[in-house]
Structures are given as structure tokens and as C-alpha cells.
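The values are calculated or read from the model by the stated rules, or taken from the named source; none is laboratory data. This one's a predicted model, so the numbers in the text were calculated from it and none came from an experiment. Here the Cβ positions follow ideal geometry from the backbone for every residue, glycine too, while neighbour counts run over all protein chains shown. For the accessible areas, the whole protein counts, side chains as well, though only heavy atoms, and no ligand, DNA or RNA atoms are used. Shrake-Rupley method; radii C 1.70, N 1.55, O 1.52, S 1.80 Å.
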Amino acid sequence: MNKWKSLLITTLLMVLPLAACETAPEQTQASNGDTQATSSKPTSRLDTVKSRGKLICGVDGGIPGFSYVDQNGNYSGIDVDVCKAVAAALFNDPSAVEYRNLDATERFTALSSGEVDMLARNTTWTISRDTSVGLEFAPTTFYDGQGMMVRADSGMKTLKDMQGKSICVEAGTTSELNLTDNLRKQGVEAETVTFQQADPAYAAYAEGRCDGMTSDKSQLIARRSNLPNPEEHILLDVTMSKEPLGPVTINNDSAWFDTVKWVTYALIEAEELGITQANVDEMKNSTDPTIKRFLGLEGDLGTGMGLSNDFAYNVIKQVGNYGEVYDRNLGKQSQFKLDRGLNDLWTNGGLLYSPPFR
Amino acid sequence: MVERKKQTIPIWRDERFWRIALQILAVLIFVGIVALLMGNLNRNLAQQGNNFGFGFLKNEAGFSISETLIPYKPKDPYSQVLLAGLANSLRVMILGMILTTIVGVLAGIASFSENWLLRQLNRVYVEVVRNTPLLLQLFFWYFAVFFSLPKPQDMIKLPGPIFMSKRGIAIPWPANTLNVWIGLLVLGIGIIVAIFIWRSRIQLMTEKAESGQPQLIALIIIAIISILIIIFGLGWQAPKIIATGGTEGGLNLTLELSALLTGLVFYTGAFIAEIVRAGIQSVPKGQWEAAKSLGLKSGLVMRLVIFPQALRVMIPSLNSQYMNLAKNSSLAIAIGYPDLYAVANTTYNQTGRPIEVFLLIMAAYLSINLIISLSMNLLNKTVQIKER
């Protein structure tokens, strides 16, 4: 009998916490909405984030210029600024963000399981990710293309020269697929060595395990600055793919997707309207109705989304417009000095175009 | 008589009732939890617009992997790439188990060596390797040891020929032709015949006191034929250096495979060394003394008296080490070896189906480990004391 008593107690001890996990969220769901994943009635992540008071943002954390953690644990980069912009729109506080470093294969699971609210992690917008993987892509914040980095003294000029060579690539990325496609197209047989994480992949390239390293060009340029002798490495003059990178949210949650989408557009629209971090307060006195609507002085664009009416003002005041974000992280004021190129406003021959704020 | 009338004790005091009721309760609770979790899963999947199913396995995989045992091309379906990953995993596991047994047994026996230096070196090996994380050791082997090989242009050339460079280690290897397989078959038969002759020879020598000379001659002939087959009959292909800087022909062990295999073999080997040491120490001292008093040399004491007894203690623990090796092989992903876990990782990331893919991975590792366990249990049965 003693045995059975102990069995019963053991079973109960094992089961009770599980049962508690299962039922507790449902009870508290109405109050804090923190449990979109376990609730039977779909709640928007927008409410979850608002009641939490903090945004959880999935980033890479290892790519200078996009998302990079420095020695003091501070995050910087264009992706990080998108997270900050969303936090500024929601809470008027760009520091109300908790960052999660995710590698390429973890990111979608982390998003769909609700561990992070959104991704701002160099994620390429593709049809299969948008549809069958179950994601929503906010506007592209960086138009990129896949490149190939090789050693300057290797004498390689084109992909054809990579016959019989080995190429390092990060697992779970579009780079992996594009590389395969491009090699197939050109009839080149090369060995691809796939790494789970970017750090070992670049280390393997630096150590000479691979003759080439492929990824998005911006990433290669950023990562090259971390290699032992950056000047010994060059990018081949090939672009293997289109890589539109932008923030990502989960499928079937329009309210939350709209928030992220329009905060991103707000960055672009602000640049087009000439509103900067410095002059945003002055702009409040503008007579232009478009600017007044954008900054929330007229109309109800913000409240219609479930945000405060001056969300765009907060974003620009705290983070700056797209041009400022770009210059700070990748452009003139950064170590990379990348041209705007495709990432300029449509009025300047680029691809950035925000639908009207009206 | 009085006690007979008390046969109808209340049901809550009936031990038999509780035995069954508690079991039913436990099953119900378990089923309830599973149902709750499954319901939760379905609801969430439906919310994201996904349905549970394995149909995605027929889609084109589209990514390439660096080395395969079975044919695989990027245009093959996901099921094929997963199979290729499984084959790569099995390759590491099987090679790893064989090599780690050799390393472990040698290191275990070395701890009894009379050579002071050997004993201490062995001790350092076991303690250092056993007490540091395997992942760290894999990075060590990969980045520190194998990456210190020279670039392909100035590769190390060893007689054999063996070529070592950052592109891998190329060794001679039999060609994949019919003749080679026939040769291997003959070799296998030769080994089995040799074992039978050896046994009957010992029987004849010990029980009938014969010289065993004809059997010995037969064994020598088999050995000579085998050596001839190994040298000439297997069509060894020597690796050759080709113009683009790599090697061609033979077997090219990539750095990833080499590092993973070395790491796993030495890590598990250290544990096996301890198991072997414990097994040998578990044999009573009297057995050593008895064997020595019969005039056996110390090598023979170990081989004929001590080791067979130690084996009985060792095999159950070895079982769990082999299973550990099989599971640890999934760390391959850290150093870029395309094993089952690595390709499955890419697969679920591309298809957005983590649950289905993880079920497949779990099923695969579970089956592999159950097979290991089963075969070790069979082996265990054969070495246990047979009661007569």
C-alpha cells in the first residue's frame, strides 16, 4: 500500500504543475492577455505587448550595422532601431525593448511560438515564408543582394572560378538556397559547408576551410570588418539574388501586423516629409495638413490603429527618420559608408515608398 | 467464524480496488494532459493557418549538403535529404562506436600498466576529457587541431598516399565495383572459417592432446589468401592531386567529419576507459592470484581470466555510453557536418513545420537508441554466467 501512496503522490506532484500551467493562463488571459499562444479566443499580440509594457524583439546580435551587441550589452543597428521605433510608438520609450539573439534557424519557431513579438533580423521576404511558413512581412527596411566574399589573393573573379572550391554558408538562410540555385544554373560544382551559426561559419572562412563565404552583401561587408585582416578579402562582382530584408510578425494577427507595418512606414514617410529628429517639434507648427495628420495633430490615424494619436511624433522624436537611422548605422556617419543605392526614397531613385498617411 | 462475516469490507479500504483505480486515474490524467496539449497545438496551428501533416516531405528540398553517402541532389525531395542526413549520422555513430571501443579499452587497460608515464598520461587524458563539455572539445578539434592543417596548395603528403589539407584528409579506399564486393565476401567467409578452425584446434589440443599442426597450416594459408585479397583484390584507389587544388579518388574525409569523429571517439573513450577500469577492478584479486599460480603470463591472465569476467560488469554501462555517443553526434551541427539533426533543422526552417520535423528526429534517434540497447542486451545475455 505504501508503494501506491508514494506513486499517487509522485503522479500528483508531476501532474499538478502541468495542470497549473495549462489552466492558469486561460484564467488570467482576460486581465493581461499575455497568453495569445494558449488562449482559445484569439487576442492580438498588440494587446499582449501593451499590457506587458515592453516589446520583445528577435534580432541577430552579431552583424555590425544591423544588430550588434557591444561590450556593454548595448544594442545598435538598423534592425535594432526598427525595434526601438515600434517601442517608441507603443510606449513613447525606445528603451522598452527586450532583445533576443536568435540564429537563422531559431527565428521562425521563436516567432510562431510567441517567444518574441516580432523579428527585426535580416529576414528575406519570400513567398514561401510569407505563405506556408506562416509569417507576415512588414515593409522592407533594407534592399540587399547576395554576394560572395573571397580572398583577394585567390584570383577568383566570377562564380565560374569557384569550380571545385568550397563555400561556407549559414544554415536556414535564403543564401543557402540561392547559392545552390546559382551554382546549378552555372553548372559549377562546389562544396557547400553549412553552419548552424554565423560565428563558426565566418571563423571557418577566416581559417581557410572555405575558399568563399556567401551571404547578403551588407552582411559580408559588416562581417568583414570583424575579420582579422579585412583588407585581404574582397567581394566578387556578382549579385546572386534579391534580398529584401524587413521586420516580420506572425500570420493572422492583423492588428499587430498593421502596427509594425505602419511604424516602419512612418520612418520612411518622415524622411519624405523632411521631418527629422531635430526639427520634429518645429514641424508641429507646420501648416501642411499632411504633416499635421502625420504627427497626430489632426485626424485620428493613431487611435484608429489602437495607438496614441501622436505615435509618429514619438517615433521620430526618439529614433529619427529612416534616413537618419540609415546614416547612423550603415551610411555616412558609420564605419561602413554604404551608399543609399536602392535604399533611397523613390523621389531620389530608390525603392523606399510609403503609402499615404491619410 | 467472526472474521468470515466481515468479507464485505468497504470498497475504499480494499487494496485491490485501489490498485486498479490508481492505475486508471494515472492513465486518465496522462491522456488528459496529452489531449490538452494536442488541442492547444491544433488551435495555435489553425490560428496561424497551418495544418499538421507530412505532405511537405514530397516537396523539393532545394539546398545542398556538403557530403553524402547516398545520392542526393538539391532537386530531390525533403524525404531524400533527411535520409541522406540519417545516413551521415549513422556513419558517424557506427565508426564512432567501433573506434571509441578500441580507444576506451586500451585506455582502461593502460590504467593498470606498470609503466608510470603511460599510467599518468592515461589519467590526464581521462580526467581532462571527461570533465570538459563535448561541444568545447568539438570546437577544439575543429578549429584548433584540424584547421592547423595547411591550405590545399601546400598539403601534407604522407606515404600511402595520404594527403592532408584544409580540404580534408584523403586516404586510399576500395573502389565500388562488383569485384571488390566479391573480394569482401570471400574475406568475410575466410574470417568465419578461420574462427571455426581456431576453435576446433584448441579443442583438439586441450581435449585430445593433438599437435594441431594441420589446422595451423590451414590458418596460415587463409591468412596469406586474405592478405593477398586485401592488397590486390580490393582495387584500392589512391587519391590524386588535381589541378584545381583538391584531390580526386580515394576517400576524402572532410574536416567536419574528422573533427566530429575524433571529438566523439575521445570523449566517449574516456568514459569507456573508466568503465573498463571499474570492470577489471571488480574482478576479485583472488582470480589474478589463482591465474598467476597456474603459471599464466600477465597478458594471458588478462585475456583469458580477468577480461571475460570484467565484461559482465562492463556491458550494461557500455550500453549507455554507446547511446550517449549516438545522441551526442547531433552536436555535428555546431561544426557544419550535415547529420540528421542539421539537415532537419534546415528543413523545418524552410518549411515552417517544426513539430512534424521534430517528431521525425525524435523517432529516428529513439529507434537508433532502442536498436543499440537491444543489441547490447543480446550481447549481455551471451556473456552472462551460464548456470549449469
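Scanning the range B:138-185 for residues that are over 19 Å from residue B:259 (Cα atoms) and part of a loop (DSSP other than H, G, I, E, B) returns B:159, B:160, B:161, B:172, B:175, B:176, B:177.
The strands (runs of 3 or more DSSP E) found wholly in the range A:180-249 and carrying at least 3 residues that are more than 10 Å from chain B (Cβ to nearest Cβ) occupy A:212-216, A:233-235. For the range A:128-167, filtered to residues that are under 20 Å from residue A:237 (Cβ atoms) and within 9 Å of chain B (Cβ to nearest Cβ), the residue that is surrounded by the most Cβ atoms within 10 Å (Cβ to Cβ) is A:165.
Annotation: of all residues in the range B:234-252 being more than 13 Å from chain A (Cβ to nearest Cβ) and buried (at least 19 other Cβ atoms within 10 Å of the Cβ), the one that is modelled with the highest pLDDT is B:239. When the residues of the range B:344-364 are filtered to those that are buried (at least 18 other Cβ atoms within 10 Å of the Cβ) and more than 14 Å from chain A (Cβ to nearest Cβ), the one that is farthest from residue B:60 (Cα to Cα) is B:364. Residue A:269: more than 30 Å from residue B:144 (Cβ to Cβ) and either in a helix (DSSP H, G or I) or modelled with pLDDT under 90 (or both), yes or no? Considered against the rule, which asks whether it is more than 30 Å from residue B:144 (Cβ to Cβ) and either in a helix (DSSP H, G or I) or modelled with pLDDT under 90 (or both), residue A:269 comes out as yes. In the range B:177-198, the residues that are more than 12 Å from residue B:222 (Cα to Cα) form Cβ pairs under 6 Å with partners that are open to solvent by less than 70 Å² (accessible area, probe 1.4 Å) and part of a helix (DSSP H, G or I), at six or more places apart or across chains, as follows: B:183/B:229; B:183/B:233.
Scan the range A:197-234 for residues that are within 24 Å of the chain's Cα centre (by Cα), surrounded by fewer than 18 Cβ atoms within 10 Å (Cβ to Cβ) and either of a type in the set (A, V, I, L, M, F, W, C) or over 17 Å from residue A:169 (Cβ atoms) (or both) and the total you get is 3.
Scanning the range B:34-48 for residues that are facing another protein chain (nearest Cβ under 7 Å), in a helix (DSSP H, G or I) and open to solvent by less than 40 Å² (accessible area, probe 1.4 Å) yields B:40, B:44, B:47.
From the list B:20, B:94, B:11, the one residue that fits, being at negative phi and within 11 Å of another protein chain (Cβ to nearest Cβ), is B:20. Suppose the filter is under 30 Å from residue B:144 (Cα atoms), in a helix (DSSP H, G or I), open to solvent by 50 Å² or more (accessible area, probe 1.4 Å) and in contact (Cβ under 8 Å) with a residue 24 or more places away in the chain; does residue B:341 pass it? Against the criterion (under 30 Å from residue B:144 (Cα atoms), in a helix (DSSP H, G or I), open to solvent by 50 Å² or more (accessible area, probe 1.4 Å) and in contact (Cβ under 8 Å) with a residue 24 or more places away in the chain), residue B:341 qualifies.
Here residue B:29 passes the criteria (1) within 40 Å of the chain's Cα centre (by Cα); (2) modelled with pLDDT under 95; (3) surrounded by 14 or more Cβ atoms within 10 Å (Cβ to Cβ) except the one numbered (2).
Taking the stated definitions as given, is residue B:51 facing chain A (nearest Cβ under 10 Å), of a type in the set (S, T, N, Q) and closer than 30 Å to residue A:175 by Cα? Answer is no for this residue.
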